[in-house]
Amino acid sequence: MFSQKPWQTTGQRTWNRDEDREEEKTIHDIDATEFEWVPALRFLFAFGLGVFFFLVPVSWEGQITVPFDIAAGLITDAFPTLTGVAGLILITAGGVLSAVAELRSRGVISLDDRFAERIDLQYWKTTPLFLLLRILGVFFAALLFFELGPAVLHAKLVGGLVWGTIVLSIVVIIPLGAVFVNLLVELGGLEFIGTLARPFMRPLFRLPGRAALDSLASWIGAFTVGYYVTYNVFHRGGYHKRDVFIIATCFAPVSIGFVGVIVSTVGLLQIFPLILLSWAVAVILCGIVLVRVPPLNNIPDEYIVEPSPEDSFTGSPTDYVRFAVRQALDEAEDEGIGSTAMIGLIDGLKVTAITLGTVVAISTVTLLLVAQTDVFQLIAMPLSPVIAAFGIPDSNLVASAILISGIEQVSAAAVVAKTSPIARFFVTIVAISQIIFFAASAPMMMDMFNDIPIRFRDLIVIFALRTALLIPIAAVLAHTANYLGLLP
């Protein structure tokens, strides 16, 4: 199960790292980029705009949030029907173009080569499983959008969650985020942040420093934005397969804004800063452990395009800052702001089209199971004594909530909304730190990163390992907070 052979698609050409290139140097051995005003202004504008959009806290309707969350919410609230139509069109386009690509590859239909290249038909080619899921996504999307089919499909925690929350959010978040993320990635922000993060990313998490931007995009914006950054860098040769797998499963959590939704659901908004700190501790500790055990440490360090890894060097903190600026200016030298933003928008729409159908198909089926069966309560029964052994009250409900959070976190929060504060705190930390949830993030990463490929059974294993680690971590954090009198 943990051999390297499964992480290879048929006929895939791969590259390995150039060890000579990665020989450690001092910063003075690396060629410096001469200062030029145009690249400098381009970098400063793109970086400043990205930082403002994703990072600067602002007060909005009585809450502290970021401009990205405000913009996405305004678009979704102002144009719900238009956003829904856009979602239906993108899902349908993804399903139809994927089917056309498959039929053409099998010789069932013929298309002019120039036309196939113009619509980038190869981009839509996928495995038979994901082709089926994308087509099922079209079917479910039509039922949800036109409100057809049985009433249970349109219940608040099924169709209401799939269409009203997941679909509408993704349709806006990925393309909108892609515009600003592409400005950061292509105009120097990736190299700037990546260079500054190298001293701790590689020793702690075995990742290049640039992975810090992916994580930041997920924490501040949304996991979908983080995936887009990772996808972009992966296809530019900046990450190998293991990097991508680690980032997607360990460092692409739900956003701070979504954490606020969950914390509000369990009634713990008054200790929101404590939950954010506990969340960061849990994610970091899990990451340190999981990158060193199977399956993550067995994934090959292969690139799918010509490698462009970070140069290794040593230097003082001042040297790192100077070199970060040099790297950023070098990256910003050739690209224009308008064209970079437009490329980001187009890429964001394409990524949305290839993944949204899969998300709709899987999330609809899984949420129907949650709403209509007791399967999760039955599966959670063996976990209840373990929870109780760590001193967490209401262990039966807590165990069910932990498993349900592997499907969708808001539903898990609702399960324990009336329990004791320590139980609510415990479930909140586990739920927001599991990262893999099978109603949205799991199908999206499997479809978006099918060049690795990320497999469902590996996600099950990683989810189980994360949960096993998070139970004692969250229990210690919960008991500590309770001992210090920090819980309400």
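The values are calculated or read from the model by the stated rules, or taken from the named source; none is laboratory data. None of these values were measured; they are calculated from a predicted model. Because the Cβ atoms are built from the backbone with ideal geometry, glycine has one as well, and the counts that use them run over all protein chains shown. These area figures cover heavy atoms from the full protein model, side chains too; ligands, DNA and RNA do not enter into them. Shrake-Rupley method; radii C 1.70, N 1.55, O 1.52, S 1.80 Å.
A few comments on the model shown:
- Residue in segment 67-88 that is surrounded by the fewest Cβ atoms within 10 Å (Cβ to Cβ), counting only those that are among the aliphatic types (A, V, I, L, M) and under 17 Å from Ile354 (Cα atoms): Val85
- Residue in segment 144-158 that is of a type outside the set (A, V, I, L, M), open to solvent by 10 Å² or more (accessible area, probe 1.4 Å), within 21 Å of Gly73 (Cα to Cα) and at pLDDT below 90 present: yes
- So Ser59, is it closer than 26 Å to Val261 by Cα, more than 25 Å from the chain's Cα centre (by Cα) and without any contact (Cβ under 8 Å) to a residue 12 or more places away in the chain: yes
- When segment 414-443 is filtered for residues that are in a helix (DSSP H, G or I), of a type in the set (A, V, I, L, M, F, W, C) and crowded, with 21+ Cβ neighbours inside 10 Å, the ones remaining, listed by number, are Val415, Ala423, Phe425, Phe426, Val427, Ile429, Val430, Ala431, Ile432, Ala442.
- Considering Leu144, Leu153, Leu161, Leu103, the condition of being among the hydrophobic types (A, V, I, L, M, F, W, C) and either free of Cβ contacts under 8 Å to residues at least 60 places away in the same chain or closer than 19 Å to Ile346 by Cβ (or both) is satisfied by Leu103 alone.
- Restricting the search to helices (runs of 4 or more DSSP H) fully inside segment 161-233 and requiring at least 3 residues that are more than 26 Å from Arg292 (Cβ to Cβ) gives 168-186, 189-205.
- As for segment 59-66, it holds no residue that is crowded, with 16+ Cβ neighbours inside 10 Å, modelled with pLDDT of 80 or more, small (Gly, Ala, Ser) and not in a loop (DSSP other than H, G, I, E, B).
- Residue under evaluation Ile91, criteria (1) open to solvent by 60 Å² or more (accessible area, probe 1.4 Å); (2) under 30 Å from Leu168 (Cα atoms); (3) assigned to a helix (DSSP H, G or I), criterion not met: (1)
- Matching residues, segment 444-488, being at negative phi and assigned to a loop (DSSP other than H, G, I, E, B): Phe449, Asn450, Asp451, Ile452, Pro453, Ile454, Arg455, Leu484, Leu486, Leu487, Pro488
- Unique residue being in a helix (DSSP H, G or I), open to solvent by less than 50 Å² (accessible area, probe 1.4 Å) and of a type in the set (Ser, Thr, Tyr) when the list is Ser339, Ser308, Ser363: Ser363
- Subset tally (residues that are hydroxyl-bearing (Ser, Thr, Tyr) and within 21 Å of the chain's Cα centre (by Cα)) for segment 289-308: 1
- Filtering segment 466-488 to residues that are open to solvent by 60 Å² or more (accessible area, probe 1.4 Å) and under 30 Å from Pro300 (Cβ atoms) leaves only Ala468.
- Across segment 196-229, the number of residues qualifying as aromatic (Phe, Trp, Tyr) and surrounded by fewer than 21 Cβ atoms within 10 Å (Cβ to Cβ) comes to 1.
- Among the residues of segment 286-305, those that are in a helix (DSSP H, G or I) and under 15 Å from Ala211 (Cβ atoms) comprise Gly287, Ile288, Leu290, Leu296.
- Val283 over 30 Å from Gln63 (Cβ atoms) and modelled with pLDDT of 90 or more: no
- Just one of the listed residues (Gly391, Gly406) is at positive phi and assigned to a loop (DSSP other than H, G, I, E, B), and it is Gly391.
- Against the conditions (1) among the polar types (S, T, N, Q); (2) over 22 Å from Val225 (Cα atoms); (3) buried (at least 24 other Cβ atoms within 10 Å of the Cβ); (4) at pLDDT below 90, Ser411 satisfies every one except (3).
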